[in-house]
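*Asks:* Below is a structure I'd like to ask you about.
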Amino acid sequence: MALFMVVLVLLFILALSICTALLRWNELKFSKKGLPPGTMGWPIFGETTEFLKQGPNFMKNQRARYGSFFKSHILGCPTAVSMDPELNRYILMNEAKGLVPGYPQSMLDILGKCNIAAVHGSTHKQMRGALLALISPTMIKQQLLPKIDEFMRNFVSDWDNKIIDIQEKTKQMAFLSSLKQIASVESTSIAQEFMPEFFKLVLGTLSLPIDLPGTNYRRGLKARKIILTILKQLIEKRRGNQESHKDMLAYLMSKDDNNRYKLSDDEIIDQIITILYSGYETVSTTSMMAV
């Protein structure tokens, strides 16, 4: 029994020493001159677990320790985190002027190689122009706001005398509202198949890029394949029936002179996924907190 306890203590000390050595090695690896202060966590995994578990509190705690500009290792990527409004504004305003945007590998893989976050230079400029054309003041006033107003009135019309899960409902609201703007007529018919796969896709982008069975990353990649099939069928169907539509997909697909930005089908699909993704998490969370 005594021998067993000695072996157990030695194993514990050995494990503790290895963990300490790994943490120290990772800190030394990213202790280059010019980098902001901060901690890097474990090799490969970094501080991803703490980041996903604590959410905004992780950023607040790090800011309290290291200030508004610090380094970390999140979602498999060494990361410099800025919580300074002026610095963030400078970065966003100069994204195409020497600053190249970088995003977690899991996000780039699942959102697609043609999404606006993955391209640079002239291609990025073209993608940005195509997306900005979808939210011009005229488009917002004449199409987007009236459709959103109608959708929201219908969405909450049957909530009377019911117990409502606000978190679940706001997730559905953010997704279905965006889908309605993209494919107005077909949104109802594809939503049931599309929505659960989209939620898997979102989780996949917020995970380590480790392609193993059972991981959120693997589920996100599979969900992307299903979503690609749905959107390709939708585009082919529209080309086949030649009906007129007034939504985002119709504009992205149009080849007339009103659309200066001619995108391929792969580019269109990746922009649609990006639009849904970028509006989903922020809108649903903000709406839930407002309620």
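*Asks:* Can you pull the percent of Cα pairs in segment 185-235 with separation above 18 Å?
*Replies:* Result for the distance tail: 32 percent.
*Asks:* Can you give the local net charge around PRO209? Use residues other than it whose beta-carbon is closer than 11 angstrom to its beta-carbon, Lys and Arg +1, Asp and Glu -1.
*Replies:* Net charge around PRO209: -1.
*Asks:* Report the equivalent ellipsoid semi-axes for segment 102-148 in whole Å, largest first, defined as the square roots of five times the eigenvalues of the gyration tensor built from alpha carbon atoms.
*Replies:* Working through the eigenvalues yields semi-axes of 27, 14, 6 Å.
*Asks:* Find the all-direction average of the projected area of the Cα convex hull for segment 163-267, expressing the result in square nanometres with one decimal place.
*Replies:* In nm², the orientation-averaged hull projection of segment 163-267 is 8.6.
*Asks:* Rg and Dmax of segment 206-291, using alpha carbons, in Å: what are they?
*Replies:* Both quantities, over Cα of segment 206-291: 16.4, 47 Å.
*Asks:* If you don't mind, another one. Shape verdict for segment 44-181, please, from the Cα gyration tensor: rounded (a/c under 1.5), prolate (a/b greater than b/c) or oblate.
*Replies:* oblate
Coordinate-derived values only; no laboratory data. Note that the coordinates shown come from a computational prediction; the quantities given were computed from them, not determined experimentally. Quick reminder, even Gly has a Cβ in these numbers, built from the backbone with ideal geometry, and neighbours come from all protein chains shown.
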